[in-house]
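The next block holds one structure in the form of structure tokens; read it before the comments.
The values are calculated or read from the model by the stated rules, or taken from the named source; none is laboratory data. These numbers come from a predicted model, not from an experiment. Cβ atoms come from the backbone with ideal geometry, glycine included; neighbour counts cover every protein chain shown.
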Number of protein chains: 2
Amino acid sequence: MKFNIQRNQLMESVQDVMKAISSKTAIPILSGMKIEVTEEGVTLTGSDSDISIESFIPKEEDGIVYIDGIEPGSIVLQAKYFPDIVKKLPDQTVEMKSDDQFNVTIKSGHAEFNLNGQDAEEYPQLPKLKTENSFEISVDLLKDLIRQTVFAVSTSETRPILTGVNMSIKDDKLHFVATDSHRLASRNIPIKDIQEQHISNVIIPGKSLNELNKILADTQEKIEISVTDNQILFRTEHLYFLSRLLDGNYPETSRLIPEQSKTNIVIDSKELLHSIDRASLLAKESRNNVVRLVTKENETLEISSNSPEVGKVQEEVKADSIDGEELKISFSAKYLMDALKVINSEKVVISFTGAMRPFIINPIENSDEILQLILPVRTY
Amino acid sequence: MKFNIQRNQLMESVQDVMKAISSKTAIPILSGMKIEVTEEGVTLTGSDSDISIESFIPKEEDGIVYIDGIEPGSIVLQAKYFPDIVKKLPDQTVEMKSDDQFNVTIKSGHAEFNLNGQDAEEYPQLPKLKTENSFEISVDLLKDLIRQTVFAVSTSETRPILTGVNMSIKDDKLHFVATDSHRLASRNIPIKDIQEQHISNVIIPGKSLNELNKILADTQEKIEISVTDNQILFRTEHLYFLSRLLDGNYPETSRLIPEQSKTNIVIDSKELLHSIDRASLLAKESRNNVVRLVTKENETLEISSNSPEVGKVQEEVKADSIDGEELKISFSAKYLMDALKVINSEKVVISFTGAMRPFIINPIENSDEILQLILPVRTY
């Protein structure tokens, strides 16, 4: 194996693939990165057996040559040192080669690294997905779907199914839903020209989606999503991101969502966020981050929190409108802040059905696309 | 106590004073911040009994009013929540007041915090230093003195005296020296118009100097340094930084420094730094960060490192000149990188006296002001 490559291209791919590699793996060879060279280019592969990532660097693209001097072959390299080595190489080009003893030489400028590699034959084959269940969306929409739901997955393993995001296609819409049973985040996008799909109970680990979101740049390029019984594949031109799916049935969440409301508030999203943030400052330890919201005269909300040992805080926030019944309700400041941060909307509508029932936050525009639901906290 | 203050001024002072406050203190009231208001302005005080910091915000300065509505008084406030509260207040001005029950009210915009304070009478008095041993230098020079020496103090408590920096005045020069017995960092500056001083064995805790360096902005303003038997005071117009001194005799370090050398290298500081950095990548764990330097023909150095399990790295670096005996030497990459990073000089001179003797790094200009010394490592 031998090739010369542009350092920046190599660096970018190495960083993407590293997201799948864990130093704590039961299968020793998975602590390494596989490097495979063909006449078309270089493919880097990393896997922790839950997530597998392949990144392809083409020999040439848009008339720019990234790789030359190719002698095909493959090797597995210790992943722990490789990113730092590439980052700190002195020259813009890097020469890599391996011999039949799996010795790898990396040269750049006057620097030369000799590393012990491993036989690529010993690296597990990634499954090649065969499925009819494929569809495409744009990368930036996928990133929105992830960002607006994944934070609400459960961090506890008591109900493993809730550590994932439920993906489904229904009525020409793609839905992402996550809940940790104290709150729920849901986002959908219209999805057209799609053949009848049989996707309803796909549960993607939250961790996989977080890593995928980090790797994907915010572009309008297309990404292909393919689903089998136990795996999901996200594929762009140069990236192949494979994740296992969670096994089990995702709970029916639609019945959690109240259909009617008794109090409706329209309010500036940022003003409410900052006010909740301040109220939560004193509540962080003693009261599990609980703040209180009370409707007042003149379209005013009172946000408050009381932490007997430290003190109390209260603040009046002007709403655009408050309709319906008077309300006193307590809830986790963190949950409301999380929800407000991911709703890309200057104004939000908050719909309450009484102090003991879940409440809903929607953006004021495209309100049926994003829904955030929070369960209140009893404080008496 | 009552006053209205500009939030930004308050924030800056709070952040400085927080550097002296520890939540883990044996004296409970020291987990608080003292706020003292007089007709002249507001003084904030924090202390962990090793370091004490006072920051003064004048009522008015250069025609700008920072504080108004003053009713003198004082209070101690829980320091844990105070910085976050100030940072997140909605308005540019802040009203603070306390009643005789030590209840503190902080108002800004529509937000109001009510906090439990403590009686300022219970806060320990900071000692007022009385000494003739005072001198002034500019803040940026003091920051250089600190930055170029403090990293070399010992982190081990086996010889507590080495956790401090030795400050002395001799022959119209102010010296800072630190050593952990594996390396030594020394910087001096000329200091004129100073009466005969009796400062020779002042040992300032490294931690104090690190905190002081963080607080001081890089200005050419003067800072006054006053020393007593067991304390040192750094004072600018609005800041009062008091530290205890370490007790004991600092070792005589001048005899560690070789007077002659057998091999002298002049080299670009950054090129050497990057090359050592690369060589240390593989050496981080197995070999305690040891790299090897060998002089070659044609003004060339070979920097290398070998870590049997991972691999090896070697690199040739061009020096400006290599004079004297051939040399093969091994040393800690970290120590040399630390030294090169603080020497503000494009070129450095490295003077060796054989593979088993300490070597010295000086800047090529003003070479008698900065000296970094490193002990080699035996590798046979």
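Output yes when any residue across region A:328-338 is within 14 Å of chain B (Cβ to nearest Cβ), out of contact with any helix residue (DSSP H, G or I) (no Cβ under 6 Å at 6 or more places or on another chain) and surrounded by fewer than 19 Cβ atoms within 10 Å (Cβ to Cβ), and no when none is.
No - not one qualifying residue is present in region A:328-338.
Which count do you get for residues in region B:233-258 that are under 30 Å from B:Leu10 (Cβ atoms), under 18 Å from the mean Cα position of the chain (by Cα) and touching a residue at least 40 places away in the same chain (Cβ under 8 Å)?
Selection size over region B:233-258: 9.
Once region A:143-167 is narrowed to residues that are of a type in the set (S, T, N, Q) and within 16 Å of A:Ile370 (Cβ to Cβ), the residue that is surrounded by the most Cβ atoms within 10 Å (Cβ to Cβ) is A:Thr149.
Hey, can you tell me all the residues within region B:213-231 that are over 23 Å from B:Gly248 (Cβ atoms) and either free of Cβ contacts under 8 Å to residues at least 60 places away in the same chain or not basic (Lys, Arg) (or both)?
The answer is B:Asn213, B:Ile215, B:Leu216, B:Ala217, B:Asp218, B:Thr219, B:Gln220, B:Glu221, B:Ile223, B:Glu224.
Within region A:61-101, the residues that satisfy the criterion of being free of Cβ contacts under 8 Å to residues at least 12 places away in the same chain and either of a type in the set (A, V, I, L, M) or buried (at least 18 other Cβ atoms within 10 Å of the Cβ) (or both) are A:Ile64, A:Val65. The number of residues in region A:1-49 being among the small types (Gly, Ala, Ser) and farther than 21 Å from A:Glu122 by Cβ comes to 2. Taking into account only those residues within region A:215-265 that are among the acidic types (Asp, Glu) and either buried (at least 19 other Cβ atoms within 10 Å of the Cβ) or touching a helix residue (DSSP H, G or I) at 6+ places or on another chain (Cβ under 6 Å) (or both), which is modelled with the lowest pLDDT? The selected residue is A:Asp218.
Across region A:214-236, the number of residues qualifying as part of a loop (DSSP other than H, G, I, E, B) and more than 17 Å from A:Leu141 (Cβ to Cβ) comes to 3. Among the residues making up region B:75-123, those that are basic (Lys, Arg), more than 7 Å from chain A (Cβ to nearest Cβ) and under 18 Å from A:Leu281 (Cβ atoms) are B:Lys80, B:Lys87, B:Lys107.
What are the residues in region B:61-78 that are part of a strand (DSSP E or B) and over 13 Å from B:Ser98 (Cα atoms), if any?
B:Glu61, B:Ile64, B:Val65, B:Ile67, B:Asp68, B:Gly69, B:Gln78
Being in a strand (DSSP E or B) and either touching a helix residue (DSSP H, G or I) at 6+ places or on another chain (Cβ under 7 Å) or at negative phi (or both) is a condition met by no residue of region A:79-90.
Scanning region B:334-355 for residues that are in a helix (DSSP H, G or I) and hydroxyl-bearing (Ser, Thr, Tyr) turns up just one, B:Tyr335. Taking region B:2-60 as the range and being in a loop (DSSP other than H, G, I, E, B), in contact with a strand residue (DSSP E or B) (Cβ under 8 Å, 6 or more places away or on another chain) and surrounded by 20 or more Cβ atoms within 10 Å (Cβ to Cβ) as the test, the residues that pass are B:Ala20, B:Ile21.
Every residue, every condition in (1) within 13 Å of another protein chain (Cβ to nearest Cβ); (2) assigned to a loop (DSSP other than H, G, I, E, B); (3) over 22 Å from B:Val104 (Cα atoms); (4) touching a Cys at 6+ places or on another chain (Cβ under 7 Å), yes or no:
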{"site": "A:Ile267", "(1), (2), (3), (4)": "no, no, yes, no"}
{"site": "A:Asp277", "(1), (2), (3), (4)": "yes, no, no, no"}
{"site": "A:Asn288", "(1), (2), (3), (4)": "no, yes, yes, no"}
{"site": "A:Asn298", "(1), (2), (3), (4)": "yes, yes, yes, no"}
{"site": "A:Leu301", "(1), (2), (3), (4)": "yes, no, yes, no"}
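Among the residues of region A:356-371, the ones that are of a type in the set (A, V, I, L, M) and not in a loop (DSSP other than H, G, I, E, B) come to 4 in all. Against the conditions (1) under 21 Å from B:Asp338 (Cα atoms); (2) buried (at least 20 other Cβ atoms within 10 Å of the Cβ), B:Glu271 satisfies every one except (2).
Taking region B:115-125 as the range and being assigned to a strand (DSSP E or B) and either touching a helix residue (DSSP H, G or I) at 6+ places or on another chain (Cβ under 7 Å) or surrounded by fewer than 17 Cβ atoms within 10 Å (Cβ to Cβ) (or both) as the test, the residues that pass are B:Asn116, B:Gln118. Condition test on A:Met356, is it at pLDDT 95 or above, of a type in the set (A, V, I, L, M, F, W, C) and surrounded by fewer than 19 Cβ atoms within 10 Å (Cβ to Cβ)? So A:Met356 fails the test. For A:Asn306, the conditions (1) modelled with pLDDT under 95; (2) under 30 Å from A:Ile146 (Cβ atoms); (3) crowded, with 16+ Cβ neighbours inside 10 Å are fulfilled apart from (2). Six or more apart or on different chains, Cβ atoms under 9 Å: show the pairs whose first residue is in region B:164-181 and in contact (Cβ under 8 Å) with a residue 24 or more places away in the chain and whose second is buried (at least 22 other Cβ atoms within 10 Å of the Cβ) and of a type in the set (Asp, Glu). Listed pairs, sorted by first residue: none to list.
Within region A:30-48, the residues that satisfy the criterion of being of a type in the set (Ser, Thr, Tyr) and within 22 Å of A:Ile70 (Cα to Cα) are A:Thr38, A:Thr43, A:Thr45. When region B:309-326 is limited to residues that are surrounded by fewer than 20 Cβ atoms within 10 Å (Cβ to Cβ) and more than 13 Å from chain A (Cβ to nearest Cβ), the one that is nearest to B:Asp268 (Cα to Cα) turns out to be B:Asp320.
Looking across region A:46-55, the residues that are of a type outside the set (D, E, K, R) and touching a helix residue (DSSP H, G or I) at 6+ places or on another chain (Cβ under 8 Å) come down to A:Gly46, A:Ser47, A:Ser49, A:Ile51, A:Ile53, A:Ser55.
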